[in-house]
1. Can you tell me which residue among Gly46, Gly27 is among the small types (Gly, Ala, Ser), crowded, with 22+ Cβ neighbours inside 10 Å and over 28 Å from the mean Cα position of the chain (by Cα)?
2. Looking at this structure, is Arg121 among the basic types (Lys, Arg), surrounded by 15 or more Cβ atoms within 10 Å (Cβ to Cβ) and within 34 Å of the chain's Cα centre (by Cα)?
3. Kindly indicate whether any position in the stretch 263-277 is of a type in the set (Lys, Arg) and at pLDDT 95 or above.
4. Which number in (1) under 19 Å from Thr157 (Cα atoms); (2) in contact (Cβ under 8 Å) with a residue 60 or more places away in the chain; (3) not in a strand (DSSP E or B) marks the one condition that Lys118 misses?
5. Out of the residues in the stretch 311-322 that are at pLDDT 90 or above and part of a strand (DSSP E or B), state the one that is farthest from Lys374 (Cα to Cα).
6. Within the stretch 267-321, take every residue that is under 19 Å from Thr186 (Cα atoms), among the acidic types (Asp, Glu) and in contact (Cβ under 8 Å) with a residue 40 or more places away in the chain and give me the one that is surrounded by the most Cβ atoms within 10 Å (Cβ to Cβ).
7. Determine which member of the set Asp78, Asp110 is in a loop (DSSP other than H, G, I, E, B), touching a residue at least 12 places away in the same chain (Cβ under 8 Å) and not basic (Lys, Arg).
8. If I go through the stretch 355-389 residue by residue, how many of them are closer than 20 Å to Gly311 by Cα and under 18 Å from the mean Cα position of the chain (by Cα)?
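The values are calculated or read from the model by the stated rules, or taken from the named source; none is laboratory data. Only a predicted model underlies this, so the values are computations on that prediction, with no experimental measurement involved. Cβ placement follows ideal geometry from the backbone for every residue including glycine, while neighbour counts extend to all protein chains displayed.
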Amino acid sequence: MSQELISLNPDLQKLQDEGYEVEICNGYLMVHSVPYVNSLCGIAIGTLVTDLTLNNDQTQRPGDHQVWFAGDQPCNKDGNHITAIGCRSATQTLCEGIVVQHRFSCKPKDGYSDYYAKMSRYIEIISNQAQAIDSSANARTFKPIKSSEENSVFLFTDSASSRSGIANLTRKTAMNKIAIVGLGGTGSYVLDLVAKTHTLEIHLFDGDEFLQHNAFRAPGAPSFETLKKKLAKVDYYAGIYGEMRRGVIPHKGYLDDDTVNQLAGFDFVFLCVDKSAVRKLISDFLHNQKIPFIDVGMELEIIEDQQCLIGTCRTTLSTPEKFDHFQQHVSLSEKGVNDLYESNIQIAELNALNAAMAVIKWKKYCGFYQDCYKEHQSAYAINAHQLTRDEIDIEEPT
């Protein structure tokens, strides 16, 4: 992908054609072998790094005027720091394989028109001092760079993570295999969120077709022509997210006693079903297989005299280390309260909220977000606008 991106963009190609050691990795543009003067008045070699602003893998005007630098702080030929570039020093891992020590700022009046203008200007400021000591010091080495770009799950570069400086963190969600069981309202929003992560394979399990009522509690906006096709939900969603990434794998059919073993070997499962018997079957299997999972659910009821809904959105995490709480918080019996959610009430915002709660909890489990309490149970009460946590792994402060 590195060389392909370079060839698609004239500003990046110009850097390479002029002999700079250009590499693109995880949404970052790097120029290697930039000579600079260190504090001992010696000549050293460093790397300039900037995030790429892309659209359809075409470079846009750089999002900011700053760059990172891997190496010591560049100096003038006399060993004093270069004042033409502002510098903040702190070692930072941008992503695997890219560790920088400094952040530079040199902002022209009108900004930088493209990445050639941006990178060549910083190279000029830094390398001129090295050339004042040794005229042969030159960042134009014409040395070929072997691409280190991994086989990404995405069909285009994840420039959002590099732009935000969290490309290294996103790798924490790169599980091998996760499953989403149930692609109703909540399950479809779970897919929408996890599809943007670096998980290698996302397996979809559902036996239903994508019909007109589904369109009103799912992400996106299907056309009337799409609805007429009556596609299987797993195929409909695999087609949508297959436009963005690899590894979305559909499994058409319901899980039962004979097929639940298809979940063996998964790293994590999102359980998004509304039938208690199915939930019990799958959760028992996952507990026995020591597979961590999150179960989601909503309990809603109508207030007849006020003609409004009340209820809760629930997220329950079960892990091999802690699962004894599951039956206390999750309904595993078909006998229960009058749950109007099973009547297909159209409440997309609650589906989205429930899915977001589940994915945030999963990302906490992965270490992407800090998790101070490590709660395994949380619930949002709609009418009270109250979010509660329970089943925590540490002692709460008094």
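1. Gly46
2. Details: among the basic types (Lys, Arg): yes; surrounded by 15 or more Cβ atoms within 10 Å (Cβ to Cβ): yes; within 34 Å of the chain's Cα centre (by Cα): yes.
So Arg121 fits the description; yes.
3. Let us first name the residues in the stretch 263-277 that are of a type in the set (Lys, Arg), namely 275.
The next check asks that each one be at pLDDT 95 or above; those that pass are none.
For the stretch 263-277, residues of a type in the set (Lys, Arg) and at pLDDT 95 or above: absent.
4. Failed condition: (1).
5. Residues of the stretch 311-322 at pLDDT 90 or above: 312-322.
Retained after the next criterion (residues that are part of a strand (DSSP E or B)): 312-318.
Values: Thr312: 21, Cys313: 18, Arg314: 16, Thr315: 13, Thr316: 12, Leu317: 10, Ser318: 11 Å.
Once the filter is applied, the top-ranked residue is Thr312.
6. Ranking the candidates gives Asp274 first.
7. Working: Asp110 fails: touching a residue at least 12 places away in the same chain (Cβ under 8 Å).
Result of the check over Asp78, Asp110: Asp78.
8. Result for the stretch 355-389: 4.
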